[in-house]
1. Going through 65, 27 one at a time, which residue ends up being in contact with a strand residue (DSSP E or B) (Cβ under 7 Å, 6 or more places away or on another chain) and more than 16 Å from residue 106 (Cα to Cα)?
2. From the list 57, 64, 128, pick out the single residue that is loosely packed, with under 12 Cβ neighbours inside 10 Å and either on the phi > 0 side of the Ramachandran plot or modelled with pLDDT under 95 (or both).
3. For the range 1-17, give me the residue count where each residue is crowded, with 17+ Cβ neighbours inside 10 Å, out of contact with any helix residue (DSSP H, G or I) (no Cβ under 8 Å at 6 or more places or on another chain) and in a helix (DSSP H, G or I).
4. Report whether or not residue 93 is surrounded by 15 or more Cβ atoms within 10 Å (Cβ to Cβ), in contact (Cβ under 8 Å) with a residue 60 or more places away in the chain and not assigned by TED's automatic domain parsing to the domain that holds residue 13.
5. Go through the range 43-54 and report how many residues are surrounded by 14 or more Cβ atoms within 10 Å (Cβ to Cβ) and in contact with a helix residue (DSSP H, G or I) (Cβ under 9 Å, 6 or more places away or on another chain).
6. Considering each residue of the range 96-106, count those that are free of Cβ contacts under 8 Å to residues at least 24 places away in the same chain and either under 16 Å from residue 73 (Cα atoms) or surrounded by 12 or more Cβ atoms within 10 Å (Cβ to Cβ) (or both), and give that number.
7. Among the residues of the range 18-42, which ones are in contact (Cβ under 8 Å) with a residue 24 or more places away in the chain and crowded, with 16+ Cβ neighbours inside 10 Å?
8. Which of the residues belonging to the range 106-125 are touching a strand residue (DSSP E or B) at 6+ places or on another chain (Cβ under 8 Å) and either part of a helix (DSSP H, G or I) or not assigned by TED's automatic domain parsing to the domain that holds residue 66 (or both)?
C-alpha cells in the first residue's frame, strides 16, 4: 500500500498509483470522486513511503508517525481543523504524535499537511500504517 500512495506537488490531496506509462503515471485521487489523471515528468511525485519527519536524533518515517497518530486516536480521524488551529494546538498535537520532533525544522505547515494526509487516508479506509512482518522478510 505504502508505495502506491503518492503526493503530487502543487495538487491537493493524495493519489493512488494505477499504472505507469512512457513518461507519465496514471494516478487516482484518494477520495469519493476517484478521479483519474496523468502525472507527467514535470510533476514532482513523491511516495509517502519516502517521506519522513525531522526529529532531534534522526528522521522518523512518515508511516511510523501515522501509526503513532492512529494509536493515539484509536484509528479515527484527527479532530483538529487545520484552517483554524492555533500554533499551540498544532505543537501539542505534534508532541503527542512524535514527542522528539525537531521544533526548529518542522513547521506549522508541515503539521497541517500531516493532519490532512492522515485524515484523508483514514477517511478512505487506509488504516494499516505498520509495516507487516511479511514485508520486512521480503526486503531481507
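1. Working: 65 fails: more than 16 Å from residue 106 (Cα to Cα).
Result: 27 is the single residue among 65, 27 that is in contact with a strand residue (DSSP E or B) (Cβ under 7 Å, 6 or more places away or on another chain) and more than 16 Å from residue 106 (Cα to Cα).
2. Values: 64 fails: loosely packed, with under 12 Cβ neighbours inside 10 Å; 128 fails: loosely packed, with under 12 Cβ neighbours inside 10 Å.
Matching residue, one of 57, 64, 128: 57.
3. 0
4. Details: surrounded by 15 or more Cβ atoms within 10 Å (Cβ to Cβ): yes; in contact (Cβ under 8 Å) with a residue 60 or more places away in the chain: no; not assigned by TED's automatic domain parsing to the domain that holds residue 13: yes.
So residue 93 does not fit the description; no.
5. 7
6. Residues of the range 96-106 free of Cβ contacts under 8 Å to residues at least 24 places away in the same chain: 99, 103-104.
Next, only the ones that are either under 16 Å from residue 73 (Cα atoms) or surrounded by 12 or more Cβ atoms within 10 Å (Cβ to Cβ) (or both) stay: 99, 103.
Number satisfying all stated conditions: 2.
7. Passing the criteria: 30, 39.
8. Of all residues in the range 106-125, those touching a strand residue (DSSP E or B) at 6+ places or on another chain (Cβ under 8 Å) come to 106, 110, 114, 117, 121.
Those that are touching a strand residue (DSSP E or B) at 6+ places or on another chain (Cβ under 8 Å) and either part of a helix (DSSP H, G or I) or not assigned by TED's automatic domain parsing to the domain that holds residue 66 (or both): 110, 114, 117, 121.
The values are calculated or read from the model by the stated rules, or taken from the named source; none is laboratory data. Please read these numbers as outputs of a predicted model, since none were measured by experiment. Note: ideal-geometry Cβ built from the backbone for every residue, glycine included; neighbour counts use all protein chains shown.
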